[in-house]
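Sending over a structure as structure tokens; questions will come in a sec.
The values are calculated or read from the model by the stated rules, or taken from the named source; none is laboratory data. All values reported here derive from a predicted model rather than from experimental measurement. Here the Cβ positions follow ideal geometry from the backbone for every residue, glycine too, while neighbour counts run over all protein chains shown.
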Amino acid sequence: MDFEQVLSLRRSVRQFQNKEIPETLINKMVRAGECSPVGKADFSHYAIAVITDSDILSSLAAEDEKITGRGNPVFDAPLVFLIMSRDGALDDSIKLNAGIIAENIHLEATNLGLASVCVYSFIRNLKNRKEDSSWLPRMDLPKGYHPEFAVAVGYPATEIKERPCRARIPVFR
Ligand SMILES: Cc1cc2nc3c(=O)[nH]c(=O)nc-3n(C[C@H](O)[C@H](O)[C@H](O)COP(=O)(O)O)c2cc1C
């Protein structure tokens, strides 16, 4: 897809079909995340976890819904990428790096005709939580990794149409 088209199709989509994403497409989004820049080339302190296990996704949702009283933070998406930092990552740029990695994945999802949304809400709740998470240990991640940001991905429930890029951020020049 032409990059201009990716930009005009990109948006946060929160309604997905109940349909698995093929491994070939997951690999392309992983690769997009891996191709991100990271401040001071601190690549070894970041990782991407791929969650497709529906039991884990359900307990992630249930745990967060209990805290917020609101709906599923990842909107029943069949696939969630967790962007993680590792102990020792340079403090001042963790969120920046996680955001950039997520954006690469979000744009690649758009490029592949998929729907996606970057999500911080349940990560924030996870960070503020006193007790251990019920679902995170089930992912069997190596020690020392911490979720920083997420991208929920699925097939769009309705067709995504191109929209002109509206000027929503002031620009001074
Ligand atoms: C740092 C960041 C955190 C976000 N967190 C959430 C979130 O927790 N839940 C959600 O539904 N959308 C989240 N979004 C998506 C924004 O709400 C969305 O990008 C914004 O409303 C603009 O809409 P658009 O992406 O369709 O242009 C997040 C986006 C960013 C960049």
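If you take the residues in the stretch 155-171 that are closer than 21 Å to L25 by Cα and surrounded by 10 or more Cβ atoms within 10 Å (Cβ to Cβ), which one is nearest to the ligand (Cβ to nearest atom)?
That would be I160.
Still on this structure, please answer the following. Given the conditions (1) surrounded by 19 or more Cβ atoms within 10 Å (Cβ to Cβ); (2) among the aliphatic types (A, V, I, L, M); (3) over 17 Å from N125 (Cα atoms), which single one is not true for L82?
(3)
Can you list residue pairs whose Cβ atoms sit under 8 Å apart, with the first residue in the stretch 28-49 being over 16 Å from G88 (Cα atoms) and at pLDDT 95 or above and the second being among the acidic types (D, E) and surrounded by fewer than 16 Cβ atoms within 10 Å (Cβ to Cβ)? Count only pairs 6 or more apart in sequence or on different chains.
I48/E34
Please state which one of K28, K66 is among the basic types (K, R) and either surrounded by 19 or more Cβ atoms within 10 Å (Cβ to Cβ) or farther than 23 Å from N111 by Cα (or both).
Exactly one residue qualifies, and that residue is K66.
Of everything in the stretch 91-102, what is among the small types (G, A, S) and away from the ligand (no atom under 14 Å from the Cβ)? Give them in sequence order.
S93
Of the residues I94, I83, which single one is under 20 Å from V119 (Cβ atoms), modelled with pLDDT of 95 or more and assigned to a helix (DSSP H, G or I)?
Working: I83 fails: assigned to a helix (DSSP H, G or I).
Being under 20 Å from V119 (Cβ atoms), modelled with pLDDT of 95 or more and assigned to a helix (DSSP H, G or I) holds for just one of I94, I83, which is I94.
Filter the stretch 1-23 down to the residues that are in contact with a Lys or Arg (Cβ under 9 Å, 6 or more places away or on another chain) and assigned to a helix (DSSP H, G or I), then identify the one that is modelled with the lowest pLDDT.
S8
Condition first: under 11 Å from the mean Cα position of the chain (by Cα), surrounded by 21 or more Cβ atoms within 10 Å (Cβ to Cβ) and in contact (Cβ under 8 Å) with a residue 60 or more places away in the chain. Now tell me which residues in the stretch 93-103 satisfy that.
I101, A102
Further question on the same structure: Take G88 and tell me if it is of a type outside the set (S, T, N, Q) and within 11 Å of the ligand (Cβ to nearest atom).
Working: of a type outside the set (S, T, N, Q): yes; within 11 Å of the ligand (Cβ to nearest atom): no.
Considered against the rule, which asks whether it is of a type outside the set (S, T, N, Q) and within 11 Å of the ligand (Cβ to nearest atom), G88 comes out as no.
Among the residues of the stretch 103-122, which ones are among the hydrophobic types (A, V, I, L, M, F, W, C), within 8 Å of the ligand (Cβ to nearest atom) and in a helix (DSSP H, G or I)?
Answer for the stretch 103-122, where residues must be among the hydrophobic types (A, V, I, L, M, F, W, C), within 8 Å of the ligand (Cβ to nearest atom) and in a helix (DSSP H, G or I): just F122.
Those residues that are at pLDDT 95 or above, in contact with a Leu (Cβ under 7 Å, 6 or more places away or on another chain) and small (G, A, S), I need them from the stretch 127-173; list them, please.
If the condition is that a residue be at pLDDT 95 or above, in contact with a Leu (Cβ under 7 Å, 6 or more places away or on another chain) and small (G, A, S), then A150, G154 are the ones that fit.
Could you list all residues from the stretch 123-173 that are in contact with a helix residue (DSSP H, G or I) (Cβ under 9 Å, 6 or more places away or on another chain), within 19 Å of I100 (Cα to Cα) and not aliphatic (A, V, I, L, M)?
Listed by number, the residues that qualify are H146, P147, E148, F149.
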